[in-house]
Amino acid sequence: MKTRPRLTGRRRRTRGIVSVEFALLLPILLGIALPLYDIARNIQAQMILINVSREGANLSSRAAATFPMQTIMSSLAATTPPLSMSANGMIYITQIIGSQGCDAKGNGCTGTVVAQWKWTGGSDGGAASKIWNCGTAGTAWATDGSGGCNNLGGKTPAQPVNLLKGSLSDGQIAYAVEAFYVQPPLIGAISLGGGVTTPALSPDLYAMSVF
């Protein structure tokens with residue numbers, strides 16, 4: 001029966017050196033890998049939000065008269081895994097109509113807000129619509145769970161928005177869908193000493209599409 005040869009002193013020393021080198025290099029490797037993983041996560045999340053906003057704007061323009069807006073937004077949120085929109089995301093849908101400042105031919109109008117809906121299944125984390133905020137000039141979010149903004153449609157004066165200014169015709173309707181998501185990075189800014197820090201990824205992601 002053959003016995004396994006014992007390690008020589010040189011081989012033991014070599015193994016020890018390799019272990020020390022690996023221990024020294026591991027923090028550097030992790031310092032490179034984790035930011036790259038964070039960037040990949042953010043790119044993936046941003047692409048998902050872009051798809052949600054695009055599909056949402058398209059779906060709203062075609063199905064607003066058929067399905068409640070909450071149903072549309074919930075359907076959009078169901079397509080977002082691995083993101084958890086219910087825990088960290090929010091969706092707004094804003095209906096805009098061209099009605100102010102139109103030229104003699106009814107073109108070049110400034111849009112006004114006809115309606116705005118806020119997804120009741122999300123957690124906005126303080127994220128408010130960047131187009132127009134319910135709660136302005138007597139408007140308020142409905143308390144019936146519909147996620148709609150009360151006292152808005154037909155309001156005088158109409159609530160103007162800068163979005164699509166000069167691009168709508170009189171009576172033309174557009175739907176703007178905004179998608180928010182909060183994704184804290186795995187690692188924040190790293191201090192390199194001497195007051196120098198690495199940049200940190202923003203946890204607040206956003207996408208908006210109009211149809």
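Okay, here's what the table says:
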read-out	value
Along each principal axis, Cα extent of region 31-210, largest first, Å	62, 34, 29
Net length gained if the chain between Asn51 and Lys130 were fully extended (0.36 nm per residue, minus Cα distance)	26.6 nm
Computed label-point distance, nm, for sites Arg62 and Ser202 using a 7 Å Cα→Cβ extension	3.2
Mean separation of Cα contacts under 8 Å (6+ apart) over length of region 31-210, as relative contact order %	29
Ranked packing of 181-188, 65-72, 85-92, most packed first, by mean Cβ within 10 Å	85-92, 181-188, 65-72
Full-stretch length increase - Tyr37, Asp144 - with 0.36 nm per residue and alpha-carbon distance subtracted	34.3 nm
Cut-off 11 Å between beta-carbons: net charge of the residues surrounding Asp170, Lys and Arg +1, Asp and Glu -1	0
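The numbers here are math on the coordinates, done by the rules we state, and not lab data. Note that the coordinates shown come from a computational prediction; the quantities given were computed from them, not determined experimentally. Positions of Cβ are backbone-derived with ideal geometry, glycine not excepted, and every protein chain shown enters the neighbour counts.
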